[in-house]
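Down below is the structure, laid out as structure tokens.
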Amino acid sequence: MIETTAALTVNGLTRRFGAFTAVDQVDMTVSEGEIRAVIGPNGAGKTTLFNLLTGNLRATAGEIHLGGNTINGKRPHELAQHGLTRAFQTTNIFPSMTVHENVVTALLGVSRRTLRFWALAGERIEKRADEVLDLVGIYEQRNRQAGILAHGDQRALELAIALAPSPKILLLDEPTAGMSPYETQRSVELLRKIWRELKLTIILSEHDMDVVFGLAQQITVLVSGRVLADGAPTQVRSNPEVISAYLGGEDA
Amino acid sequence: MSGGILLMQVLSGLSLGAILFIVASGMTLVFGTMRVINMTHGSFYMLGAYLLAITFNKFDQHLFGFIGAFLLSAAAVLLVGVVVEFVVLRRLYSGEHLLQLLATWALMLIFEQLTLDVWGSATVSPPTPASLSGAVTLGSTTIPAFYLFLILLAALIYFALWVFTNRMGIGRSLMAAVEDHELLATIGVNVRQLYTVAFAIGAFLAALGGALIAPEVSVGPGIDLSILVESFVVAVVGGLGNVNGAVIGAIIIGLAQSFGATYIPNMAEAAIYFVMVIVLIIRPRGLLGREEF
Amino acid sequence: MQPDVRTTLVTPPRRTRNISIVVVAVAALIVLALGPLVLSASLQFLMLTMIVYALFAVATNFLVGFSGLLSFGQAVFFGFGAYTAALLWTHGVPFWVGFIAAPFMAALVAAFVAVVSLRTSRLYFALLTLGFSQLAYEICDALYNFTGGETGIPGINIPNALSGNMANFEFVLLVAAVAALALYWVRRSSFGMALQAIRENPTRAEAVGIHIYWHHVLAYVIAGLVCGLAGVLYVVYQQQVSPSLLDWTTSGEPVLMAVLGGMGMYLGPAVGSFIYLFLQNYVGQFTVQWPLLVGAAVLILVIVYPRGFVGGLADAFGWIRRRLGAREMVAGEGSSP
């Protein structure tokens with residue numbers, strides 16, 4: 001209560017698709033300001049868990065608390081306004097808008113200004129968008145069409161869109177997927193810098209163990225939809241169950 | 001109101017519903033499988049009606065002649081449907097829905113004008129086959145035999161569709177497409193072939209409806225549009241992509257037309273749209289509709 | 001990563017300030033305004049039709065092209081605006097009251113249609129708008145005591161100040177231009193950006209806090225308002241209304257004009273309206289096969305070149321610019337764009 005307030009708490013979260021249980025009784029507490037990694041083999045339920053947290057899917061059972069509020073059943077646009085945003089696994093931008101307009105749109109959306117059909121975005125928002133672009137390092141690209149950027153820059157834009165509304169919690173679904181080792185390294189540095197400057201809570205799912213152990217302070221291991229282990233990287237790394245179920249099987 | 005008149009109204013509504021079901025089930029099948037709104041559906045219906053009017057004159061006014069004529073007409077339109085799918089729609093599946101909509105709309109304009117060029121603006125009315133032009137007496141009421149014939153045939157077609165979609169390989173694939181569009185290609189179904197089959201069946205059913213109703217109405221320009229919108233309404237009320245929904249939608253709309261014509265003759269044409277609006281306010285996706293559409 | 005082909009098809013990159021387009025638009029407006037000085041009465045009439053339909057098509061494209069809402073029932077609002085104005089004016093309501101009230105009545109109807117039919121998906125929505133347009137037609141037909149049924153309402157009086165040839169023309173042109181400008185403003189507003197965002201990537205738009213349903217409802221209402229205004233302008237120069245205004249083909253025409261002119265450009269549909277009505281007037285005179293020609297043209301356009309006339313022009317200019325740019329690069333002076 002004094003030092004580590006819970007930013008996000010999940011209790012008994014479950015999602016079934018017909019007979020298949022993708023996420024099974026997951027409990028998780030993410031403290032304010034921590035970087036939490038959710039790892040697990042393919043099909044462990046990471047993406048489903050993320051979709052539940054962002055309101056893209058409805059939970060079959062269980063509860064999600066954000067700050068002091070229960071956010072079950074809230075739609076994605078409402079969660080964005082509660083300070084929870086997301087960068088998607090596949091690049092998910094507005095391809096025919098300029099880079100700058102992409103971020104402006106995100107800012108407008110979360111500040112509920114988009115129903116103002118008489119008002120332009122305004123200088124304050126335009127400036128804020130430029131700051132965010134500067135933060136993720138693609139300011140020079142601001143007037144280019146988003147759809148024609150290089151993959152790495154599109155990922156950075158994806159991040160900028162998620163960061164623009166000044167979220168309290170940022171969800172990153174496989175932030176380095178499809179990147180070269182060099183791009184991966186750059187984006188890890190970028191994430192660390194952003195986390196330090198903005199004092200965010202970050203929850204990320206990731207396959208690349210170097211990224212996970214390089215960034216995360218807490219790790220949740222998901223196997224077949226259940227939490228197998230939960231703790232600091234050193235604990236998780238030495239957990240025999242985790243090694244046999246997951247880490248051992250994947251020598252990259 | 002006497003029970004006899006009521007029975008008569010119900011049966012007349014059901015016979016209208018029978019035709020609507022036959023036409024709308026084709027449309028709903030095409031939509032469910034291909035996610036295409038087919039504006040050409042009404043044209044297929046119109047072609048079916050005209051072709052029947054021509055071919056039926058070649059036969060005696062015999063029941064078998066009639067059945068032969070309408071099967072022949074519907075089969076001819078089925079071929080037209082296959083050609084349309086091959087030449088036009090295939091090029092547009094990857095594009096936006098709007099382009100598909102516009103293309104089928106353009107085809108509708110073309111068919112309308114071609115029909116006008118070939119058959120002129122005068123209406124034609126093929127005779128009712130002799131053996132169906134009589135009446136059946138039920139208690140104190142006499143009912144046109146043709147009504148009963150239509151209702152019976154619609155039931156037969158429903159049964160055939162059921163067998164096709166539940167018991168036959170390609171029919172099951174069609175239903176799988178309706179269920180989960182994305183999954184289809186990944187489970188190794190030949191999607192292109194499936195689309196052609198769905199579109200052909202759709203055209204066949206539309207033409208069948210047109211051919212069947214031809215003896216009851218005057219066949220002329222404009223019948224394509226009215227049936228198109230009516231079958232849209234039926235499909236929307238029942239739930240798009242759902243054959244059972246088409247049955248329910250057709251019965252409701254058929255009855256609304258039949259009772260509307262008697263009690264609110266002024267508003268009879270508008271009645272079915274009121275029904276549509278009311279259903280949509282209560283159930284936005286139609287009575288049996290599913291989330292995804 | 002490839003840009004999304006479907007969206008680049010309709011939308012070229014947005015340029016924040018493009019002076020050349022403004023210059024062309026203003027020049028075109030001036031040329032149009034000179035119309036009554038040089039044109040015969042019948043050509044003036046054709047020109048007025050073009051202007052009114054241009055506004056109608058631009059407003060329709062605000063939904064179909066810009067917001068990605070397939071509305072095939074915009075005639076409802078065009079016709080409703082026209083009929084409301086006609087009925088108000090023939091029942092002694094002052095001109096300006098009717099002129100202002102009618103578009104808002106159309107917007108009210110649009111709000112109802114939108115709230116009911118936008119709860120479903122895009123394709124369902126397309127069917128519903130069609131159903132509503134047919135409903136409007138049937139109601140108009142059924143209320144013949146009030147609406148004149150199939151004959152419509154002839155001989156509507158408008159104030160003397162506006163009934164002169166010149167005044168009538170300039171008034172319609174001015175109102176249409178102001179309305180088009182206002183709609184352009186809406187397109188560039190915060191709301192317009194959100195609409196574009198929803199069309200391009202609905203999942204992303206929701207994730208940044210945009211509520212899709214209400215944005216689409218509002219877009220539909222705004223388009224309904226402008227379509228209604230186009231309908232009122234129709235009455236101002238035609239001084240009669242008929243049920244064909246509510247007809248289903250009247251709903252198809254603005255969509256067709258948009259495709260013909262180019263849905264990706266704001267004024268593309270206006271250009272489409274001019275081309276379409278020009279051809280209809282001149283080619284339509286010589287042949288009864290007009291619908292066949294329209295159908296064939298649309299089919300070819302949709303399959304071969306869906307970006308339309310203005311889209312084609314833009315592509316051609318882009319090509320020339322790229323060639324010039326390449327030459328500069330070779331000369332060693334050019335910097336990357």
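The values are calculated or read from the model by the stated rules, or taken from the named source; none is laboratory data. None of these values were measured; they are calculated from a predicted model. Reconstructed Cβ throughout: ideal geometry from the backbone, glycine too, with neighbour counts over all protein chains shown. With ligands, DNA and RNA removed, areas are computed over all heavy atoms of the protein, side chains included. Shrake-Rupley method; radii C 1.70, N 1.55, O 1.52, S 1.80 Å.
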Interface residues of region A:107-147, defined as losing at least 40 Å² of accessible area versus the chain alone with a 1.4 Å probe, are A:114, A:115, A:117, A:120, A:145
One finds, for residue A:65 and residue A:112 with R0 = 30 angstrom and r their Cβ-Cβ distance, a FRET efficiency to the nearest 0.05 of 0.85
Length gained if residue C:100 through residue C:305 is fully extended, taking 0.36 nm per residue and subtracting the Cα-Cα distance, is 69.8 nm
Computed over region C:34-246, protein heavy atoms only, probe 1.4 angstrom, the accessible area per residue in square angstrom equals 32
Rounded to the nearest 10, the angle in degrees between the Cα long axis of helix B:169-179 and the longest principal axis of the Cα atoms of chain B comes to 80
Computed for the protein assembly as shown: size of charge dipole around the Cα centre, +1 on C-beta of each Lys and Arg, -1 on C-beta of each Asp and Glu, debye to nearest 20, value 660
Square roots of five times the C-alpha gyration tensor eigenvalues of region B:3-220, ordered largest first and given in whole Å, equal 32, 22, 15
Answer in debye to the nearest 20: the dipole magnitude of chain A about its Cα centre, from +1 Lys/Arg and -1 Asp/Glu charges placed on Cβ, is 860
Heavy-atom accessible surface buried between C and B, both sides counted, 1.4 angstrom probe, nearest 100 Å², is 4200
Computed over region B:3-220, the relative contact order (Cα-Cα under 8 Å, seq sep at least six) in percent reads 45
Over chain A, the sum of -39500 (n - 2.57) across DSSP H runs of at least four, divided by residue number and rounded to 500 deg cm²/dmol, gives at 222 nm -10000 deg cm²/dmol
Averaged over the residues of C:291-301, the number of partner chain Cβ atoms within 10 Å of each residue's own Cβ comes to 6
Once the in-chain neighbours fewer than 8 apart are removed, the lysines whose Cα is under 24 Å from residue A:127 read A:168, A:193, A:199
The answer for region B:3-220, accessible area per residue at 1.4 Å probe in Å², is 39
For residue B:63, placing the label point 7 angstrom along Cα-to-beta-carbon and taking region B:137-158, residues whose amide nitrogen sits under 14 Å are B:145-153
Share of accessible surface on carbon and sulfur in region B:41-144, whole %, 1.4 Å probe and ligands ignored, is 66
Heavy-atom accessible area per residue of chain A, all protein chains kept, 1.4 Å probe, expressed in Å², is 44
Subtracting the Cα-Cα distance of residue A:20 and residue A:90 from 0.36 nm times their residue separation yields 22.8 nm
With R₀ set to 45 angstrom, the calculated FRET efficiency between the beta-carbons of residue C:161 and residue B:121, to the nearest 0.05, is 0.55
Any DSSP H helix in chain A with Cα axial reach of 24 Å or more and mean Kyte-Doolittle score of at least -1.0? Listed by number, the hits are A:181-198
The Cα extents of the protein assembly as shown along the principal axes, largest first and rounded to whole Å, are 90, 73, 55
Quick calc: nm separation of the 7 Å Cα→Cβ label points for residue A:151 and residue C:282 -> 5.2
Within chain A, the percent of DSSP beta bridges that are antiparallel, given to the nearest 5, stands at 55
Under the 7 Å Cα-to-Cβ spin-label approximation, residue B:170 and residue B:278 lie apart by a distance in nanometres of 4.1
Expressed as a whole number, the average count of other chain Cβ atoms within 10 Å around the Cβ atoms of A:72-78 is 4
Carbon/sulfur accessible area of chain A, % of total, 1.4 Å probe, equals 49
Simple SL model, points at 7 angstrom along Cα→Cβ for residue A:32 and residue C:182; separation in nm is 4.8
Percent relative contact order for chain C, counting Cα pairs under 8 Å at least six residues apart, stands at 30
In deg cm²/dmol, rounded to the nearest 500, the helical mean residue ellipticity at 222 nm of chain C, built from -39500 (n - 2.57) for every DSSP H run of length 4 or more, is -24500 deg cm²/dmol
For the pair C and A, the solvent-accessible area buried on both sides (1.4 Å probe; DNA, RNA and ligands excluded), in Å² to the nearest hundred, is 3200
In this structure, the FRET efficiency calculated for residue C:289 and residue C:313 from their beta-carbon separation, with R0 = 41 Å, to the nearest 0.05, is 0.90
Residue separation between residue A:75 and residue A:189 times 0.36 nm, minus their alpha-carbon distance, gives in nm 37.9 nm
Net charge near residue A:220 (other residues with Cβ under 14 Å of its Cβ; Lys, Arg +1; Asp, Glu -1) is -2
With every protein chain in place, the residues of region B:106-133 shedding 50 Å² or more of accessible area versus the chain by itself (probe 1.4 Å) are B:109, B:110, B:113
Summing -39500 (n - 2.57) over every DSSP H run of at least 4 residues in chain B and dividing by its residue count gives a helix-only mean residue ellipticity at 222 nm, to the nearest 500 deg cm²/dmol, of -24500 deg cm²/dmol
